[in-house]
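Undergrad: If you scroll down you'll find the structure; I have some questions about it.
The values are calculated or read from the model by the stated rules, or taken from the named source; none is laboratory data. From a predicted model like this one, the values you see are computed outputs, not experimental measurements. With ideal geometry, Cβ positions are generated from the backbone for all residues, glycine too; neighbour counts draw on all protein chains shown. Please note that ligands, DNA and RNA were not included when accessible areas were found on the heavy atoms of the full protein model with its side chains. Shrake-Rupley method; radii C 1.70, N 1.55, O 1.52, S 1.80 Å.
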Amino acid sequence: MSLYLFLNIASFIVPFAYSFEKKMRFIKWWKSVFLSLFIVAFFFLVWDVIFTKIGVWGFNPLYHVNLIIFGLPLEEILFFICIPYASIFTHYAVGYFFPNLQLSKKVTDYITIVLFFISVVVLILNSEKWYTFVNFSVFAGLLAYSFFTKNTILKKFYLTFFVILIPFFIVNGILTGSFIHQEVVWYNNAENLDFRIGTVPVEDAFYAFSMLFANLILIEKFKKVFK
């Protein structure tokens with residue numbers, strides 16, 4: 001088994017097993033969750049295919065199986081299902097065990113406005129860097145959507161995201177070269193800010209936020225459809 005495949009399976013299997021826990025019963029929302037995962041994954045995979053083709057990032061064949069689909073190794077495609085599932089489960093699990101853990105609307109709006117303007121400044125100043133520009137454009141767009149639609153998810157997600165970042169930096173750290181001889185995923189630093197947290201490009205944290213937040217928006221919408 002390749003290292004990348006192992007990381008996908010290891011990240012997914014425990015949260016999925018606990019989804020059947022009798023009290024929380026996260027699995028009851030499986031239609032909403034998996035439909036959202038596939039929709040968001042499609043968008044991010046298109047982004048991934050394009051960026052791989054133009055050399056924004058790439059993959060080390062030493063760490064993935066020899067099955068390439070649209071220029072992406074199988075594990076990279078599985079990444080957009082396994083990692084978001086584990087992260088989304090964590091968000092709802094924290095919310096289940098700590099139902100009162102959330103920010104006020106005023107604080108949430110303040111954080112959203114500040115992050116929006118910071119992201120706009122970053123993307124304007126780095127418009128020639130593909131990963132930075134597209135990443136912060138998507139991030140800013142989702143924040144604007146949340147603010148103007150008065151979406152309440154961020155009241156909890158700003159807090160649960162910090163919990164999610166712990167396993168995120170472990171898994172992404174390994175993928176970007178921590179604890180191993182070479183990277184599983186390499187990045188062209190000419191296309192990003194060339195600032196890393198450990199071995200993880202800072203953009204990856206915003207990328208993860210956008211991917212998970214988009215999923216949460218859709219899940220909450222689909223819950224009303226499939227209830």
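Undergrad: Is it the case that residue 206 is at pLDDT below 95 and open to solvent by 50 Å² or more (accessible area, probe 1.4 Å)?
TA: Values: at pLDDT below 95: no; open to solvent by 50 Å² or more (accessible area, probe 1.4 Å): yes.
Answer is no for this residue.
Undergrad: Just one of the numbered conditions (1) out of contact with any Pro (no Cβ under 8 Å at 6 or more places or on another chain); (2) among the β-branched types (Val, Ile, Thr); (3) open to solvent by less than 20 Å² (accessible area, probe 1.4 Å) is not true of residue 176; which one?
TA: Looking at each condition in turn, residue 176 falls short on (1).
Undergrad: Ok, one more. Could you tell me whether region 167-187 includes any residue that is modelled with pLDDT of 95 or more, in contact with a helix residue (DSSP H, G or I) (Cβ under 6 Å, 6 or more places away or on another chain) and more than 19 Å from residue 48 (Cα to Cα)?
TA: So far as region 167-187 goes, no, none of its residues is modelled with pLDDT of 95 or more, in contact with a helix residue (DSSP H, G or I) (Cβ under 6 Å, 6 or more places away or on another chain) and more than 19 Å from residue 48 (Cα to Cα).
Undergrad: Given the conditions (1) open to solvent by less than 10 Å² (accessible area, probe 1.4 Å); (2) in contact (Cβ under 8 Å) with a residue 40 or more places away in the chain, report the number of the one that residue 153 does not fulfil.
TA: (1)
Conditions tested, residue by residue: (1) free of Cβ contacts under 8 Å to residues at least 40 places away in the same chain; (2) over 21 Å from residue 112 (Cβ atoms); (3) not in a helix (DSSP H, G or I).
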| residue | (1), (2), (3) |
| --- | --- |
| 169 | yes, yes, no |
| 174 | no, yes, no |
| 209 | no, no, no |
| 213 | no, no, no |
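Undergrad: Mind checking which residues of region 44-69 are without any contact (Cβ under 8 Å) to a residue 40 or more places away in the chain and open to solvent by 80 Å² or more (accessible area, probe 1.4 Å)? Lay out the reasoning, then the answer.
TA: Looking only at region 44-69, we keep the residues that are without any contact (Cβ under 8 Å) to a residue 40 or more places away in the chain, and these are 45-46, 48-50, 52-53, 61, 66-69.
Result: 50, 53, 61, 66, 67, 68.
Undergrad: Also, I was wondering about something else. From 96, 110, 92, which residue is open to solvent by 70 Å² or more (accessible area, probe 1.4 Å), part of a helix (DSSP H, G or I) and either among the small types (Gly, Ala, Ser) or closer than 25 Å to residue 170 by Cα (or both)?
TA: Details: 110 fails: either among the small types (Gly, Ala, Ser) or closer than 25 Å to residue 170 by Cα (or both); 92 fails: open to solvent by 70 Å² or more (accessible area, probe 1.4 Å).
After ruling out the rest, the residue left standing is 96.
Undergrad: Of everything in region 70-83, what is in a loop (DSSP other than H, G, I, E, B) and open to solvent by 50 Å² or more (accessible area, probe 1.4 Å)? Give them in sequence order. Step through it out loud before you land on a result.
TA: Our first condition is that a residue be in a loop (DSSP other than H, G, I, E, B); within region 70-83, this holds for 70-71.
Listed by number, the list holds a single entry, 70.
Undergrad: Among residues belonging to region 184-203 that are assigned to a loop (DSSP other than H, G, I, E, B) and more than 19 Å from the chain's Cα centre (by Cα), point out the one that is surrounded by the fewest Cβ atoms within 10 Å (Cβ to Cβ).
TA: Quick first cut of region 184-203, residues assigned to a loop (DSSP other than H, G, I, E, B) only: 184, 188, 192-195, 198-199, 202.
Then drop every residue that is not more than 19 Å from the chain's Cα centre (by Cα), which leaves 188, 194.
Details: 188: 16, 194: 13.
Per the stated criteria, the residue is 194.
Undergrad: Out of (1) within 28 Å of residue 74 (Cα to Cα); (2) in contact with a Leu (Cβ under 9 Å, 6 or more places away or on another chain), what's the single condition that is false for residue 159?
TA: (1)
Undergrad: Find the residue count for region 14-42, including only residues that are of a type in the set (Val, Ile, Thr) and more than 16 Å from residue 86 (Cβ to Cβ). Steps first, answer last, please.
TA: Residues of region 14-42 of a type in the set (Val, Ile, Thr): 14, 27, 33, 39-40.
Of the ones still in play, those that are also more than 16 Å from residue 86 (Cβ to Cβ) are 39.
Summing the residues that are of a type in the set (Val, Ile, Thr) and more than 16 Å from residue 86 (Cβ to Cβ) in region 14-42 gives 1.
Undergrad: Inside region 99-116, can you point out the residues that are in contact with a helix residue (DSSP H, G or I) (Cβ under 9 Å, 6 or more places away or on another chain) and either free of Cβ contacts under 8 Å to residues at least 12 places away in the same chain or charged (D, E, K, R) (or both)?
TA: Pass one, region 99-116, residues in contact with a helix residue (DSSP H, G or I) (Cβ under 9 Å, 6 or more places away or on another chain): 101-105, 107-109, 111-113, 115-116.
Answer for region 99-116, where residues must be in contact with a helix residue (DSSP H, G or I) (Cβ under 9 Å, 6 or more places away or on another chain) and either free of Cβ contacts under 8 Å to residues at least 12 places away in the same chain or charged (D, E, K, R) (or both): 105, 107, 109.
Undergrad: Name every residue in region 11-43 that is open to solvent by less than 50 Å² (accessible area, probe 1.4 Å) and either in a helix (DSSP H, G or I) or in contact with an Asp or Glu (Cβ under 8 Å, 6 or more places away or on another chain) (or both), in order of residue number. Can you show your working first?
TA: Let us first name the residues in region 11-43 that are open to solvent by less than 50 Å² (accessible area, probe 1.4 Å), namely 11-12, 15, 19, 24, 26-27, 32-34, 36-37, 40-41.
Selection gives 11, 12, 15, 26, 27, 32, 33, 34, 36, 37, 40, 41.
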